[in-house]
Amino acid sequence: MKTKTTRHIITLDASPHIVYEMRMDEKKHARFTSGAAEISRDVGGAFVTNNGYSTGTNKELIRDTKIVQDLAGERLT
């Protein structure tokens, strides 16, 4: 299977801490996206977001600075 790397850069009118927590805190992420989330806060830990549509692993985490995640797959319906 051929793979493709994507990089997303977005600008949000919020502090780095708020953005980091919106992505890494299960409850905040679920409120922000309106979809259930299970998110490990550890490097190597797994995440499942968007009611199970997106899954993957945390590759690099620097609190309030950087989140690198490997997306394992997206369930398309």
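Please treat every number below as a calculation from the coordinates, not as lab data. No experiment lies behind these values; they were computed from the predicted model shown. So basically every Cβ, Gly included, is an ideal-geometry build from the backbone, and we count neighbours across all protein chains shown.
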The Cα extents of the chain along the principal axes, largest first and rounded to whole Å, are 38, 24, 24
Ordered by number, the trypsin sites (Lys or Arg not before Pro) in the chain that occupy a DSSP loop and have at most 13 other Cβ atoms within 10 Å are LYS2, LYS4, ARG7, ARG41, ARG63, ARG75
Expressed as a whole-number percentage, the relative contact order of the chain with C-alpha contacts under 8 angstrom and at least six residues apart is 21 percent
Across the chain, qualifying lysine pairs (alpha carbons under 25 Å, at least 8 places apart or different chains) come out at 7
Final fewest-first order of TYR53, TYR20 on the 10 Å Cβ neighbour count is TYR53, TYR20
The ³J(HN,Hα) series, computed from each phi in segment 12-20 with the Karplus coefficients 6.51, -1.76 and 1.60 at θ = phi - 60°, rounded to the nearest Hz and given as x for glycine or proline, is 10, 7, 7, 5, x, 4, 5, 5, 4
Residue separation between THR11 and ILE67 times 0.36 nm, minus their alpha-carbon distance, gives in nm 18.7 nm
